[in-house]
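> First the structure, then my questions, so here it is.
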Amino acid sequence: MQQIKKYENVSFNNKLLYKNDKDLIETCKIICKNSDSTWSEYDLTTFAISESKLSKNAINKLDGGKGLFQLTHIKKHYKKELSWVTNPFNKEQNTKAAVFILNDKLRIHGNKHEAIKRYNGSGIKASKYRKKFYKIKYTLKNS
């Protein structure tokens, strides 16, 4: 439970993003449970903040991303591998699917730095995403 307390009140650019509530604590427990030696709880929490500001109900109207990790890859690239994802708004399914996708990006691109970028796509937009990712991760670790 001590690990979870780190995420109870997260601020970024002097703006409180998340207040201490049961839903956030549950989300952080799921993230911690699905972290591993490759993708730490900081990595996964940073992805969830970057993608949805930790909102399990987030929907991106531009690309159709859904849930905590804004899953868009399932229909395009991982239809068979992630066929078990029946509800992208389910935090547990969304988190496990994101870890699967991140591990696949790591396998394809060879390093975490590139996998982080490729989770968001490619090109300038993805490079900016990676920069934002590291900024949020730094803020989390030092708050």
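The values are calculated or read from the model by the stated rules, or taken from the named source; none is laboratory data. Values in this document were obtained by computation on a predicted structure and should not be read as measured data. Virtual Cβ from ideal backbone geometry, glycine too; neighbours counted across all protein chains shown. Accessible surface is based on the protein model in full, side chains and every heavy atom, while ligands, DNA and RNA are left aside. Shrake-Rupley method; radii C 1.70, N 1.55, O 1.52, S 1.80 Å.
> I'm trying to understand the selection: among the residues of region 72-93, which are under 16 Å from D104 (Cβ atoms) and of a type outside the set (F, W, Y)?
T72, H73, I74, K75, K76, H77, K79, K80, E81, L82, S83, V85
> Can you confirm whether T46 is closer than 22 Å to K128 by Cβ, outside any loop (DSSP other than H, G, I, E, B) and among the hydroxyl-bearing types (S, T, Y)?
yes
> Could you identify the single residue in L102, L54 that is within 16 Å of the chain's Cα centre (by Cα) and in a helix (DSSP H, G or I)?
It is L102.
> Now for a separate question. Taking L106 as meeting all but one of (1) out of contact with any Leu (no Cβ under 8 Å at 6 or more places or on another chain); (2) of a type in the set (A, V, I, L, M, F, W, C); (3) closer than 18 Å to S52 by Cα, write down the number of the exception.
Every listed condition holds for L106 apart from (3).
> From the set of residues in region 105-143 that are outside any helix (DSSP H, G or I) and among the small types (G, A, S), which is modelled with the lowest pLDDT?
S143
> Shifting gears a bit: Do we find that L68 is crowded, with 19+ Cβ neighbours inside 10 Å, assigned to a loop (DSSP other than H, G, I, E, B), in contact with a helix residue (DSSP H, G or I) (Cβ under 8 Å, 6 or more places away or on another chain) and at pLDDT below 90 in this structure?
It is false that L68 is crowded, with 19+ Cβ neighbours inside 10 Å, assigned to a loop (DSSP other than H, G, I, E, B), in contact with a helix residue (DSSP H, G or I) (Cβ under 8 Å, 6 or more places away or on another chain) and at pLDDT below 90.
> Keeping to region 38-65, report how many residues are open to solvent by 20 Å² or more (accessible area, probe 1.4 Å), out of contact with any helix residue (DSSP H, G or I) (no Cβ under 7 Å at 6 or more places or on another chain) and either farther than 13 Å from L102 by Cβ or touching a residue at least 12 places away in the same chain (Cβ under 8 Å) (or both).
Of the residues in that region, 10 qualify.
> Take the residues of region 6-26 that are open to solvent by 50 Å² or more (accessible area, probe 1.4 Å) and either hydroxyl-bearing (S, T, Y) or at pLDDT 55 or above (or both): which is farthest from K135 (Cα to Cα)?
Selected residue: K22.
> Also, I was wondering about something else. If the Cβ limit is 8 Å and pairs must be 6+ apart or interchain, which residue in region 19-31 that is polar (S, T, N, Q) pairs with which residue that is modelled with pLDDT of 70 or more?
From residues that are polar (S, T, N, Q), the pairs are T27/A48; T27/L54; T27/K56; T27/L68; T27/K91.
> OK, next. Only one residue in K29, K33, K79, K96 is open to solvent by 70 Å² or more (accessible area, probe 1.4 Å) and part of a loop (DSSP other than H, G, I, E, B). Which one?
K79
> Oh, and also: So, in region 125-143, how many residues would count as being free of Cβ contacts under 8 Å to residues at least 40 places away in the same chain, of a type in the set (G, A, S) and out of contact with any helix residue (DSSP H, G or I) (no Cβ under 9 Å at 6 or more places or on another chain)?
Summing the residues that are free of Cβ contacts under 8 Å to residues at least 40 places away in the same chain, of a type in the set (G, A, S) and out of contact with any helix residue (DSSP H, G or I) (no Cβ under 9 Å at 6 or more places or on another chain) in region 125-143 gives 0.
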